[in-house]
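Everything on this sheet refers to the single structure shown next.
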Amino acid sequence: MLLEAEIAGREEFIPDQTNNKFFMPSGLVGLPDFKKFELIVDPESLPFVILRCIEGDEIQIPAIEPVGLVQDYILDISDEDSEALGLKGSSSAPLILNVATIKSFEPQKVTLNLAAPIIINRQTRVGKQVILVNYLKYSTSHVLIDETE
Amino acid sequence: MLTLSRKIGETIQIGDNIVLIVKRVDGDVVRIGIDAPKTVPIYRGEIYEEIKAQNLQAISNPQTSLTKQNLGKLRLAATAARSAIAQKDGTTPPPSPATEEK
């Protein structure tokens, strides 16, 4: 199934402001032990958010909502992944986040993993880091701001 | 690990629904055709390692550095990046969610 990164409106960013928790049954790619997360959203940091693991070792992963930041970002999701996330027939668009690697707080040193976005079903709060079917089109380290432009 | 020798054009059947066929061998490059149901995701092995490496790198930055001030700097950069892309596309940039609220 094809998803397009669309802005879904702030009220939908998290369905319930008092509970930002979500569950990733298979963890992150290569890090299967981190399953329970809390989404930390600070209006002054958006579109950057932080995923904080709330179980076991405390880790924090910066991520970004890619809307408008990447040209022609079309996410092709495998049937298996879209089923695991319950996306078919879901009434609202899922939350799409890309893991951000922040080597330093200079914009040129920030890269986004576009090949494997984290997709979260806003209703069920089940998330998964999916490898896109069309992953070859996208980089795992897309530079947020390209200096050469 | 099960290891099989195959010639060009020969196949390997995995379960009921997956067939691998050796299509061409060119030096150290082997082209393999894969016939599998659409529900089975197929990726080159390296992509997993690459994503894992990115994830590890993403969590390895000093945790205390993810402060409001630091992320705020990047927020401005992201806003600029949006405008630049919108200009290329000839569209208006989507409003940043936080400013929309005000």
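The values are calculated or read from the model by the stated rules, or taken from the named source; none is laboratory data. This structure is a prediction, so every number in the text was calculated from the model and none was measured. As a convention, Cβ positions derive from the backbone with ideal geometry for all residues, glycine included, and neighbour counts pool all protein chains shown.
Figures for the structure shown
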read-out: Among residues of the stretch B:27-79, those that are within 23 Å of A:Gln71 (Cα to Cα), within 7 Å of chain A (Cβ to nearest Cβ) and among the hydrophobic types (A, V, I, L, M, F, W, C), counted; value: 7
read-out: Count of the stretch A:124-146 residues which are at the interface with another protein chain (Cβ under 9 Å from one of its Cβ atoms), touching a strand residue (DSSP E or B) at 6+ places or on another chain (Cβ under 9 Å) and either outside any strand (DSSP E or B) or closer than 9 Å to A:Leu114 by Cα (or both); value: 7
read-out: B:Ile14 within 10 Å of chain A (Cβ to nearest Cβ), modelled with pLDDT of 80 or more and touching a strand residue (DSSP E or B) at 6+ places or on another chain (Cβ under 8 Å); value: no
read-out: The stretch B:31-44: number of residues that are modelled with pLDDT of 95 or more and either more than 28 Å from A:Asp76 (Cα to Cα) or of a type in the set (Val, Ile, Thr) (or both); value: 2
read-out: Filter result for B:Gly27 (out of contact with any Lys or Arg (no Cβ under 7 Å at 6 or more places or on another chain) and not polar (S, T, N, Q)); value: yes
read-out: Enumeration of residues in the stretch A:102-114 that are more than 7 Å from every other protein chain (Cβ to nearest Cβ) and buried (at least 23 other Cβ atoms within 10 Å of the Cβ); value: A:Leu112
read-out: Members of the stretch A:79-101 found to be surrounded by fewer than 14 Cβ atoms within 10 Å (Cβ to Cβ), among the polar types (S, T, N, Q) and under 17 Å from A:Leu2 (Cβ atoms), listed by number; value: A:Ser92
read-out: Qualifying residue in the stretch A:34-56 (condition: at pLDDT below 90, at the interface with chain B (Cβ under 8 Å from one of its Cβ atoms) and part of a strand (DSSP E or B)); value: yes
